[in-house]
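The values are calculated or read from the model by the stated rules, or taken from the named source; none is laboratory data. All of these numbers come straight from a predicted model, not from anything done at the bench. Note that we place each Cβ from the backbone using ideal geometry, even for glycine, and neighbour counts take in every protein chain shown.
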Amino acid sequence: MHVHVLGNGKSGSGCRVTSRWWQRPFIDLMVANMGLRTSPDDPALDQLYVERLLHWVRESTLGRAVILACDDLYDETGRRFPGLSGLYVPNDYVFELSTRYHEFVPAASIHPARSDAVAELERCVEAGAVMLKLLPCVQVVECNRPAYRPFWQRMAQLNLPLLAHTGGEFSLPTHRRDLQSVETLRLPLECGVNVIAAHCGAPALPWDRNYFDQFDQMRKSFPNLYGDVSALSQITHLRTLDRLREDPRQILYGSDYPVLTTAVWSRMKGWIDQPAYQRIRSIRNPLEKKVQLTLALGFSDQILTDFWGLAPTPQASLDGQSDELTAS
């Protein structure tokens, strides 16, 4: 339930993506890991990205991937600043892809400062959104602003969960480091929204603050607060992973594709043995690699399906498909 789509928009998708020069080596690694052979300016990038993601889903043990829209940055007055968030993926694009491919389920992204925020929320739920995705530190979303209360209340009424980035951010520009805190999600929790703190407040870089203790304390106070294991495999995530393995309550599965997964640090910690390490390391499919590492770390199979207890039922299953859904 945490998979990114992106593109340059040259095919008419409406997507935008920008990066900084020093990120290029890491972007090249992700591109190679995905198996893409293209450039950022390729007019076919959007479709090639989708085709590769679709291939990996179909070749994995996953049933479906919840794909994420990404809204622009807005200020408190509702003024839009295109491009500042580094990534833009329109809601209609993820709806289109999810209509075209059964393997994709759409998650919308709506900045609550938008003048049409509630109307767009209702439209997206009607269109089949199973979740709302926000990156508060990137999109500058002060979730605890009293002015946003009606938005969160309507989300709770619609039973739409919120997936909100917490902790350090590396891939996109951070405009408000204070909004990396899990505490910034208190108001939607109080309004009754099921909130998923992506990454459980883990740091992305060694100098980032670790908000896991805050997450751990808040999940004890709020039964509607969850975390996910998306992206968690690097050396900066070891403390968080250690704590989650000890206490996996209210933890959901996510991959954060196309972010890289590595088993080397888990092996060095002794959490997985050498045969498991070699097996996981040999997996070419990045979605499957994340699944197998998660299970090898001791998380139960249930982590792969608990999301569907929080989200509106995907339209395809309403149409009579009864196979068990597994979300990435």
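So how many residues does the range 235-250 have that are in contact with a Leu (Cβ under 8 Å, 6 or more places away or on another chain) and either assigned to a helix (DSSP H, G or I) or buried (at least 23 other Cβ atoms within 10 Å of the Cβ) (or both)?
Going through the range 235-250 one residue at a time, the tally reaches 5.
Considering only the range 267-291, state which residues are surrounded by 13 or more Cβ atoms within 10 Å (Cβ to Cβ), of a type outside the set (Val, Ile, Thr) and part of a loop (DSSP other than H, G, I, E, B).
LYS269, TRP271, ASN285
With of a type outside the set (A, V, I, L, M) and at pLDDT 95 or above as the only criterion, which of GLN278, GLN315 stands out?
GLN278
Could you give me the residue pairs with C-beta distances under 8 Å whose first residue belongs to the range 40-60 and is surrounded by fewer than 14 Cβ atoms within 10 Å (Cβ to Cβ), whose second residue is part of a helix (DSSP H, G or I) and of a type outside the set (Val, Ile, Thr) wherever it lies, and which are 6+ apart or on separate chains?
Within 8 Å, the pairs are GLU59/GLU288.
For ILE27, work out the one condition from (1) surrounded by fewer than 18 Cβ atoms within 10 Å (Cβ to Cβ); (2) touching a helix residue (DSSP H, G or I) at 6+ places or on another chain (Cβ under 9 Å); (3) closer than 24 Å to LYS289 by Cα it doesn't fulfil.
(2)
List the number of the failed condition for ARG16; all other conditions in (1) in contact (Cβ under 8 Å) with a residue 60 or more places away in the chain; (2) in contact with a helix residue (DSSP H, G or I) (Cβ under 9 Å, 6 or more places away or on another chain); (3) within 27 Å of LYS290 (Cα to Cα) hold.
(2)
May I ask you to verify whether SER13 is farther than 30 Å from TYR226 by Cα and assigned to a loop (DSSP other than H, G, I, E, B)?
Yes.
Take the range 209-234 and flag every residue that is assigned to a loop (DSSP other than H, G, I, E, B), over 14 Å from the mean Cα position of the chain (by Cα) and either among the polar types (S, T, N, Q) or modelled with pLDDT under 95 (or both).
Scanning the range 209-234 gives ASN210, ASN224, SER233, GLN234.
Taking the criterion of being buried (at least 19 other Cβ atoms within 10 Å of the Cβ) and more than 26 Å from SER98 (Cβ to Cβ), would at least one residue in the range 151-164 satisfy it?
no
Look at SER255 and say whether it is closer than 29 Å to LEU121 by Cβ, touching a Ser or Thr at 6+ places or on another chain (Cβ under 6 Å) and surrounded by 18 or more Cβ atoms within 10 Å (Cβ to Cβ).
Here the answer is yes, as SER255 does meet what is asked.
Starting from the range 80-103, keep only residues that are under 17 Å from VAL66 (Cβ atoms), then list their pairs with residues that are of a type in the set (A, V, I, L, M, F, W, C) and part of a helix (DSSP H, G or I) whose Cβ atoms are within a distance under 7 Å, requiring at least 6 positions of separation or different chains.
Listed pairs, sorted by first residue: ASN91/CYS124; PHE95/ALA127; LEU97/VAL50; TYR101/LEU54; HIS102/ALA316; GLU103/LEU54; GLU103/VAL57.
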